[in-house]
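Please treat every number below as a calculation from the coordinates, not as lab data. A quick note: this is a predicted structure, and the numbers were derived from the prediction, not measured. Cβ atoms come from the backbone with ideal geometry, glycine included; neighbour counts cover every protein chain shown.
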Amino acid sequence: MSTTTMSDPVYLPLPSDPAQPAEGCDVCEVLENERAMARAIGDGSKASDCNVEMQQHPHKGKAGKRAEKK
């Protein structure tokens, strides 16, 4: 009779550099505040969501122009 077992778990590292807000971008400013509040209450999922959204939006600034990404 053969025995089967699960393999060891896979450990994925956390990103070392969280998303950085684009200077002059209203959306980044809001997301940065939301991320800080999420971290303060221990909501890692919400903080991660803010990072993803900050990285993926077009970074339009207050004047509606595209802000430079760093």
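See the values below:
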read-out	value
GluC sites (Glu not before Pro) lying in DSSP loop within the range 1-53, provided at most 14 other Cβ fall within 10 Å	23
Relative contact order computed over the range 11-58 (Cα-Cα under 8 Å; 6+ residues apart), in percent	40 percent
